[in-house]
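All of the numbers you see were taken from the coordinates with simple rules; none came from a lab. Model, not experiment: these values are computed from the prediction. Here the Cβ positions follow ideal geometry from the backbone for every residue, glycine too, while neighbour counts run over all protein chains shown.
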Amino acid sequence: MTDRLCIATWIVLDKVEEATDFPSVGENSSRAAFQLVYWRCVATFFATSLAHDPEARHVLYSNVDVAEAAPPGILAHLRALGVEFRLCDITFRLPSGSVSRWGNQFYVLDVIRDFAAHPGGEALVLVDSDCVIRRALTPLLPRIREHRCLTYTLRPRDQKNYELGQLLNGMSHARMGQVLEETFGVSVAEPPQYHGGEFFAATHGFCRDLLPRIEQLWPRAVAEARWPDSIKEEAHFLSILAYAQGVPSYTANDVIRRIWTNFEDINTQPDDAALAIWHVPAEKKYGIRRLWRHMERRRLVGQRLSPETSNRLTRRYIGVPRRGPVKLLQDVAEKLRERLRQQLARSRPSVAPKMRRDPASG
Ligand SMILES: [Mn+2]
């Protein structure tokens with residue numbers, strides 16, 4: 001086994017019968033326009049990651065053949081950068097109809113299982129594609145070795161100021177503790193912390209040790225999927241497992257943050273500039289789309305960016321820690337266009353939403 005880091009992200013293309021809604025992208029994850037939003041995220045993710053970590057392995061996991069499914073420009077970009085494609089079925093899905101949002105996020109469990117069986121490096125760093133990389137991740141290796149698994153533990157200000165006792169995306173801390181006790185027979189003094197699912201970093205050995213735990217917990221997740229307070233997303237699942245494996249909290253909070261940049265929930269802060277990863281869910285259809293368009297116009301597609309260029313571009317287009325006046329105007333204009341399109345679609349029932357032109361490719 002090499003001592004290289006495997007930096008990976010994933011894209012799952014849902015079929016019509018598997019589709020759910022994703023709050024920051026839109027309805028129906030089986031639409032081509034919806035999927036294009038994620039392809040662009042994948043493209044900018046690897047552009048920024050390769051700028052900082054050229055020595056690491058870069059892998060795109062997908063449930064479909066990327067060579068057949070990716071838009072041609074993005075496929076050429078990924079190939080030129082040397083991104084490896086790993087075809088891996090999605091087997092971890094809650095029963096159809098039990099969740100209406102983020103229906104394919106348990107795919108990270110399939111990725112962890114695949115990495116455990118076919119280690120492509122000493123450690124795996126698996127990140128959401130709506131992240132941009134701002135610093136090299138390879139220097140994290142000693143820290144990953146030390147803790148075996150790093151955690152990004154959500155503070156209330158990172159998740160719209162949630163209060164304890166509240167359901168966090170459909171599950172409470174208390175219920176997480178109960179599930180932990182009932183499944184693994186451990187007694188839980190304090191309910192487990194909630195670690196964000198956008199970041200998973202662990203040694204190959206940790207991934208292997210996790211497999212029996214995953215198999216033990218999954219049937220419960222499926223059985224209780226329709227309960228009001230139950231495992232609804234990969235973050236609940238992995239937070240419970242992290243506790244069961246004795247993984248410490250907050251070990252990656254200086255690495256990544258869930259940064260809300262939209263109008264209502266904005267939580268950017270000056271020290272975000274020091275982070276290695278910005279997770280920017282609200283930028284999928286805004287800053288990330290414009291960043292990709294900029295790369296197309298400036299012939300940067302498939303080019304290895306320097307770390308400085310990459311950071312200059314992400315700062316400008318993602319708008320962290322501060323949104324510049326140009327981005328502010330573009331965001332307002334895009335928001336208005338989106339509202340207008342929604343109203344038009346409502347007032348003309350013949351124009352079904354799914355027939356709309358992709359707002360992002362126009
Ligand atoms: Mn995300």
Under the Debye formula (equal points on every Cα, no solvent term), log10 I(q)/I(0) of the stretch 218-362 at q = 0.12, 0.14, 0.15 Å⁻¹: -0.77, -0.94, -1.01
Potential lengthening between residue 223 and residue 4 on full extension [0.36 nm per residue; Cα-Cα distance subtracted]: 75.0 nm
Proximal lysine pairs, the chain, alpha carbons under 16 Å, eight or more residues apart or interchain: 6
Label-to-label distance, nm, for residues given as residue 167 and residue 299 (7 Å Cα→Cβ offset): 5.4
Kirkwood hydrodynamic radius of the stretch 5-355, from inverse mean 1/r over distinct Cα pairs, in Å: 20.8
Check: the chain dipole with +1 on Lys, Arg Cβ and -1 on Asp, Glu Cβ, in debye: 1780
Calculated over the stretch 169-288: convex hull of Cα atoms, volume per residue (Å³): 142
Loop-resident sites, the stretch 1-72, for trypsin sites (Lys or Arg not before Pro), counting at most 12 other Cβ within 10 Å (DSSP): 15
GluC sites (Glu not before Pro) lying in DSSP loop within the stretch 52-117, provided at most 16 other Cβ fall within 10 Å: 55
Percent antiparallel among DSSP beta bridges (both partners in the stretch 5-355, rounded to 5): 40
Relative contact order computed over the chain (Cα-Cα under 8 Å; 6+ residues apart), in percent: 22
